[in-house]
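Taking it in order: structure first as structure tokens, then the write-up.
Rule-based calculations on the coordinates, nothing more; no lab input. Model, not experiment: these values are computed from the prediction. All Cβ positions, even for glycine, are placed from backbone atoms using ideal geometry, and neighbour counts span all protein chains on display.
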Ligand code: 13P
Ligand code: SF4
């Protein structure tokens, strides 16, 4: 008898399913897969996906977890660059999966290899970048940019280790080209006492980044003109108004927020740092939080029994729409295919690119 190979289950069957129906199917598929599959979930995931994660964390923690797990399948409930990092850091034979391939990061898309290579060539008309400039890419970037950093003596950073990474970088070369998030770069430089006048924005759509050779020579950090549109929603007036009404309250922001918002905050740090800081605060503390809404809503609920009041910084709803692409329907579809022996939505970084990107990621993991 000829054995027929099972066909991939198409997503169309899952599209009309209610969230509750998906929940049951996710639990059933998980029970069948056991330790074969590990679900990693970023803090910005919606609650009905987040609750299925075996392990959760910020970008740094999740990349370390991806490097440690022995599960055959790493199902990444996060965005594309995170699943790429999981693929690069995982062992041979492990498979990294992103339940919806449309889950990208608009900030990561603000830099690409062609533009970074052009910047490097243009810098070479002023100085030798391989001698004088460390390329530092935020982990929110495509694998080929991490590979560029690996190849050019550079490194990757996350929002929780950016300072240690910049210190590492300045020990090697006098300048840093920081991409794609100007705000994380500026805030970190500011913490290191680098004057704002020595941190200049590099506009990739302008010749020589819109700078003069003289400006490039005097700059310590060249900040790529990129940002996270979710975190740009938070404005200084939101903090000031809240402080008037909550004079003893505390303000905590993600470093992707604008510089003036970070400056007005009591604490600035990664998503994990935000959770830990609020968790460690005394009962009854009031918090204003400048980061993605799913996370803020979740911690507001979590800490309510301790009498802590956690509020979202912006008056409008602003969620990361790409993180929200991972929904129970896509998660159920992905897991049921694994049960049927089929891999859908595998994220595979080409070998040579992965090798170079790994150099930059390993440098980061050694520093942090
Ligand atoms: P964290 O590393 O702080 O979780 O941040 C990731 C991210 O994309 C924030 O927008
Ligand atoms: Fe990217 Fe911003 Fe979404 Fe984070 S919140 S994944 S930086 S778009």
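State the Cα centre-to-centre distance between the range 115-137 and the range 261-295 in whole Å. Between the Cα centre of the range 115-137 and that of the range 261-295, the gap is 36 Å. So, in Å, what gap is there between the alpha-carbon centers of the range 2-56 and the range 307-346? Cα centroid of the range 2-56 versus Cα centroid of the range 307-346: 11 Å apart. Rounded, prolate or oblate for the range 12-55? Axes are the square roots of the Cα gyration tensor eigenvalues, ordered a ≥ b ≥ c, and the cut-off for rounded is a/c under 1.5. Here the range 12-55 falls in the oblate category. Does the range 216-272 come out rounded, prolate or oblate by the C-alpha gyration tensor, with a ≥ b ≥ c the root eigenvalues, rounded set by a/c under 1.5 and, if not, prolate when a/b is larger than b/c and oblate if not? Verdict is prolate for the range 216-272. Its Cα gyration tensor gives the range 49-202 an equivalent ellipsoid, and the semi-axes of that ellipsoid, as √(5λ) in whole Å with the largest first, are 30, 16, 14. For the chain, a Gaussian network of Cα nodes joined below 10 Å ranks 178, 11, 81 by mean-square fluctuation, and the top entry is 11. Taking other C-beta atoms within 10 Å as the exposure proxy, 186, 163 rank 163, 186 from fewest upward. What separates the Cα centres of the range 59-113 and the range 173-200 is a distance of 27 Å. Between residue 321 and residue 10, the contour length at 0.36 nm per residue exceeds the alpha carbon distance by 109.6 nm.
For the chain, the gyration tensor built on C-alpha atoms gives an oblate shape. Its axis ratio a/c (a ≥ b ≥ c) is at least 1.5, and a/b is not larger than b/c.
With the helix formula -39500 (n - 2.57) applied to DSSP H stretches of n ≥ 4, the chain reaches a computed 222 nm mean residue ellipticity of -12500 deg cm²/dmol. Within the listed set 109, 87, 100, the Gaussian network model of the chain (springs between alpha-carbon atoms below 10 Å) gives the highest mean-square fluctuation for 109.
Taking 280, 108, 147 as the candidate residues, the one with maximal mean-square fluctuation in a Gaussian network model of the chain, Cα springs under 10 Å, is 280.
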